[in-house]
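*Asks:* Pasting a structure below so you can have a look.
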Amino acid sequence: MNEGPARPPRWVGMVLIPLVNLTLALAIAGLIILSIGENPLTALRFLLFGAFGYIEGLGYTLYYTTNFVFTGLAVAVAFRAKLFNIGGEGQAYIGGLGVGLVALAFDDTLPLVLMVPLAIAAAAAFGAAWAYIPAYLQARRGSHIVITTIMFNFIAAALMVYLLVNVLIKPGQMSPESREFAPSAWLPFMHEALGWFGIAMARSPLNLSFLWALVCCVLVWAFIWHTRWGYEIRTVGGNEAAAVYAGIRPTRVIILAMCVSGALAGFVGVNEILGVHHRLLLNFTAGYGFTGIAVALMGRNHPVGILLASLLFGALYQGGAELAFEIPAITRDLVVVIQGLVILFSGALEYMFRPQLERLFTRRGAALPVEG
Amino acid sequence: MRVEATAPSAEGAGAAAPPAIMLRGVNKHFGPVHANSDISLEVAAGTIHGIIGENGAGKSTLMSILYGFYRADSGEIRVFGEPLRLDSTADAIGAGIGMVFQHFMLVDPFTVLENVVLGAEGGPLLGPGLAAARRELQRLEADFGLEVDLDAVVGELPVGVQQRVEILKALYRGARVLILDEPTGVLTPQETERLFRVFRALRDQGVTIVLITHKLREIMAVTEAVSVMRHGKMVAHLKTAETSLEELAELMVGRKVLLRVEKNAAEPGSTVLEVENLSLVDERGVTRVDGVSLSVRAGEIVGIAGVAGNGQSELLAALAGILPIQRGRIAVCGGEVTPEHPRDAREMREFGLAHVPEDRLRMGLVGSFEARESSILGYHRDPAFNGPILTHPSEILADCRKKMSAYDVRPQDPVLLTANFSGGNQQKIVLAREMERHPDLLLVGQPTRGVDIGAVEFIHKSLIAMRDAGCAVLLVSVELDEIRSLSDRILVMFEGRIVGEVAGAEATERTLGLMMAGVVPEDAGVRAPA
């Protein structure tokens, strides 16, 4: 007889708990808004309308979502091997550098159909390379990946400042930015792409990298659950001793998982550099790498969950900006507080209600292991 | 209602004294699992009382309730006649219950004295407390014949002595009822006998002992009364003198089982595994395997006996490609391993080796995997399961179903999480995975550890069938019965060396026990190691 507790239905962990946590975060945010004398329901209405209520707002929401999908997937892939990749920010930054270098080198020679795959490959290669170093140090030298990836975020930031101030800066200007790429190398905006089919859409930063993000969700899902490499990653994450027993080399798997993770984070550069800014600049990662951790946590490290969580965070970013604009008493900082509450409840306090809810939904007699 | 909490039971051990422990209608659920159902138990004061049952029968749960780890859902507990509400282990200790766990709760770098007073230091300054404790412990040692050097560092003591430290610890805290959970699992037969002498001395001084075990022989050897648990229920309370091994085994399992395995004489073929002068040093620089040479031929089972921790595990891991070797050579089905050319587990498997590891949950399975995923561990690169990039889920599923039905894994659910199977069924998943590859050499470690008797029989038969099909089997087990009933040849390991070899048919428990303690008896057909 197995004396372990029986398991609650899967939807409790996958749907109910995130919803309860989200509701609670919004309820507390509501109390804060109430305490500064504003109506929380009005605020919620502005937030939702800002995020989804009109096409331009929706475009912004999905543009943010794109970044969160990349960084969320990055965290999730590493997490499947029990690696906590805090370095998504730096990997995204360096991935962007790869995109920028490719675009600066070939923007007036290569056609877009070649430029885009090359830029994607460069983003992946640069992001993976930036993740490779901490991965190598973890696998071969035992340096803790959390520490090294955090440090590599700072190194990436310093490197980018150096390059943009001293090397890549457009001659004759003050701001540390590269020259603008030739428009032929720009990844088309969604409103442009839809325009080709005669569909009119309001202008927004949303570009075709959103589609790449969706493809990445499918690719990551297939990679993790339907390839032998994904199997090895999950084995190392689930039980490293069993991996060694099975002839899987954890050092290789750690490096593989981190490189895939870094590559995914690097794709933020495709969205930001090739899709929106069309030049290399500083700080385009804007914390997406860190928010990716909360996205992955909330999305249970599964591509479907990550897509939904990314949409939520995208909506919070865009709707929050709108909210701050519409209700002056609710400042940008307060919007950050609301975002922080969601991260707190869905990330750090993820397990707060889990025991109670699971107990509530664990039916007696369900899934009872049979003695043999 | 009589309350007689503090009276020592030594003089009152007669019929009039209340039982040391009385349980009435104790129930405990874990989710849907009814781990203890309506348990009643009386343990007479000043006796040695055995509780036997298969793994998962609920013994440990019951004792954890008694020690205040778990709260019973319902039921009454009385200790020396006094009703007791156990909310924590402190309540249990206060009521005079002491527990010695299977895995010792000792701080290795501390001395025996420091370990014993840990948590009962008696003040902010250690000095006076330690001095008082020393006097008290010396008295306890003299009373019970425990013979432990109070100033020895615990980590340097043999396991048998560490166990006595645990007993001393419990007695120092005023235990009048001592519960021991599988205490002999790590002991040599000689150490076990020594432990039983301590039990008898404790009993004669009025201490009540509850011995939890699944080893029937120990029950017969040392207890006065025995309670049998099966599937969370108490099925019998017996006087040891009035029962027999066979009756207890039947009560435990609920049906007749074969204690011996039926097998024909081995017909060994060509040599499949040849180990020469193998040495292995662990990361702390301790030599674990020291110049071992052995060979295993097709169609025979070679057993490696020994007390746990004498290098068998490391030897097995080295043969499986998990640990690197420092000296010597392994030749297995045409492949060769030397310190200069180490092989990992994947390469060893490619040579034709399969491995049932000693600790299935730590090494042989991934608890968070579905059964179908665990059932391809180590063979996940097999072309049968893989396309160029994607795996073939339907083939993996079909393969798992086939294995589950051939090995009677219950429940037969390939998508159930591995961790949710019982120990015996998890072991069957591992066995099915490794045996169905029809390897030339099968390494097997502790195949029946934590497995109930019904499954033991099945596993033993499967191993014999593998042998008869021409597979070379190397079996490592600390269960002497298992080694003796399965092996055609038995090698005994002690402190990393092979001390001798006995033919399976000729091995007696005494001979093996002596060899496991490093003594090679003159008689009984023991051959010195090659």
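The values are calculated or read from the model by the stated rules, or taken from the named source; none is laboratory data. Bear in mind the structure is a predicted one, so any value in this text is a computation, not a measurement. FYI the Cβ positions are ideal-geometry reconstructions off the backbone, even for glycines, and counts take in every protein chain you see.
*Asks:* Here are the criteria: (1) facing chain A (nearest Cβ under 7 Å); (2) buried (at least 19 other Cβ atoms within 10 Å of the Cβ); (3) over 16 Å from B:GLN426 (Cβ atoms); (4) not polar (S, T, N, Q). Tell me which single one B:LEU390 does not satisfy.
*Replies:* B:LEU390 satisfies all of (1) facing chain A (nearest Cβ under 7 Å); (2) buried (at least 19 other Cβ atoms within 10 Å of the Cβ); (3) over 16 Å from B:GLN426 (Cβ atoms); (4) not polar (S, T, N, Q) except (2).
*Asks:* For B:ASP408, all conditions in the list (1) at pLDDT below 90; (2) closer than 19 Å to B:ASP440 by Cα; (3) acidic (Asp, Glu) hold save one; what is the number of the exception?
*Replies:* Only one criterion in (1) at pLDDT below 90; (2) closer than 19 Å to B:ASP440 by Cα; (3) acidic (Asp, Glu) is unmet by B:ASP408, namely (2).
*Asks:* Which members of segment B:77-111 meet the condition of being over 29 Å from the mean Cα position of the chain (by Cα) and within 18 Å of B:GLY155 (Cβ to Cβ)?
*Replies:* Within segment B:77-111, none qualify.
*Asks:* Going by what's in this entry, would A:HIS226 be described as within 14 Å of chain B (Cβ to nearest Cβ) and over 30 Å from B:LEU323 (Cβ atoms)?
*Replies:* yes
*Asks:* How many residues are crowded, with 22+ Cβ neighbours inside 10 Å and outside any loop (DSSP other than H, G, I, E, B) if we restrict to segment B:217-233?
*Replies:* Step one: list which residues in segment B:217-233 are crowded, with 22+ Cβ neighbours inside 10 Å, which gives B:219, B:222-223, B:226-229, B:232.
Going one step further and asking which of them are outside any loop (DSSP other than H, G, I, E, B), we end up with B:219, B:222, B:226-229.
Residues meeting the conditions: 6.
*Asks:* Still on this structure: Which of the residues spanning segment B:348-387 are of a type in the set (D, E, K, R) and within 10 Å of chain A (Cβ to nearest Cβ)? Before you say what the answer is, go through the steps one by one.
*Replies:* Our first condition is that a residue be of a type in the set (D, E, K, R); within segment B:348-387, this holds for B:349-350, B:358-360, B:362, B:370, B:372-373, B:381-382.
Within segment B:348-387, B:ARG349, B:GLU350, B:ASP359, B:ARG360, B:ARG362, B:GLU373, B:ARG381, B:ASP382 meet the criteria.
*Asks:* Name the pairs: first residue in segment B:316-339 and within 13 Å of chain A (Cβ to nearest Cβ) and farther than 12 Å from B:VAL272 by Cα, second residue buried (at least 21 other Cβ atoms within 10 Å of the Cβ) and modelled with pLDDT under 90, Cβ to Cβ under 9 Å, at least 6 apart or on different chains?
*Replies:* B:LEU316/B:GLU358; B:ALA317/B:GLU358; B:ALA318/B:ARG288; B:LEU323/B:ARG288
*Asks:* Among the residues of segment B:417-424, are any assigned to a strand (DSSP E or B), of a type outside the set (D, E, K, R) and either within 14 Å of another protein chain (Cβ to nearest Cβ) or over 21 Å from the mean Cα position of the chain (by Cα) (or both)?
*Replies:* yes
*Asks:* Looking at segment B:445-468, can you tell me whether even one residue there is within 14 Å of chain A (Cβ to nearest Cβ), more than 27 Å from the chain's Cα centre (by Cα) and charged (D, E, K, R)?
*Replies:* no
*Asks:* Let me ask something else. Return the only residue of B:SER462, B:SER477, B:SER487 being touching a residue at least 12 places away in the same chain (Cβ under 8 Å) and over 23 Å from B:GLY291 (Cβ atoms). Even if it seems obvious, please write down each step before you answer.
*Replies:* Working: B:SER477 fails: over 23 Å from B:GLY291 (Cβ atoms); B:SER487 fails: over 23 Å from B:GLY291 (Cβ atoms).
The conditions single out B:SER462.
*Asks:* Output yes when any residue across segment B:236-244 is crowded, with 18+ Cβ neighbours inside 10 Å, outside the structural domain of B:GLY46 (by TED's automatic domain parsing) and either modelled with pLDDT of 90 or more or of a type outside the set (A, V, I, L, M, F, W, C) (or both), and no when none is.
*Replies:* No, every residue in segment B:236-244 fails to be crowded, with 18+ Cβ neighbours inside 10 Å, outside the structural domain of B:GLY46 (by TED's automatic domain parsing) and either modelled with pLDDT of 90 or more or of a type outside the set (A, V, I, L, M, F, W, C) (or both).
*Asks:* Ok, one more. So which residues in segment B:340-350 are crowded, with 20+ Cβ neighbours inside 10 Å and without any contact (Cβ under 8 Å) to a residue 24 or more places away in the chain? Give the derivation first.
*Replies:* Taking segment B:340-350 as the starting set, the residues that turn out to be crowded, with 20+ Cβ neighbours inside 10 Å are B:343, B:345, B:348-349.
Passing the criteria: only B:ARG343.
*Asks:* Sticking with this structure for a sec: Spot the failing condition for B:PRO357; the list is (1) buried (at least 23 other Cβ atoms within 10 Å of the Cβ); (2) under 17 Å from B:GLY424 (Cα atoms); (3) assigned by TED's automatic domain parsing to the domain that holds B:VAL430, and only one is missed.
*Replies:* Only one criterion in (1) buried (at least 23 other Cβ atoms within 10 Å of the Cβ); (2) under 17 Å from B:GLY424 (Cα atoms); (3) assigned by TED's automatic domain parsing to the domain that holds B:VAL430 is unmet by B:PRO357, namely (3).
*Asks:* If you don't mind, another one. Within segment B:1-98, considering only strands (runs of 3 or more DSSP E) that don't extend past its boundaries, which have at least 1 residues that are within 14 Å of chain A (Cβ to nearest Cβ), at pLDDT below 85 and surrounded by fewer than 19 Cβ atoms within 10 Å (Cβ to Cβ)?
*Replies:* Because the criterion is at least 1 residues that are within 14 Å of chain A (Cβ to nearest Cβ), at pLDDT below 85 and surrounded by fewer than 19 Cβ atoms within 10 Å (Cβ to Cβ), the strands (runs of 3 or more DSSP E) in segment B:1-98 that meet it are B:21-30.
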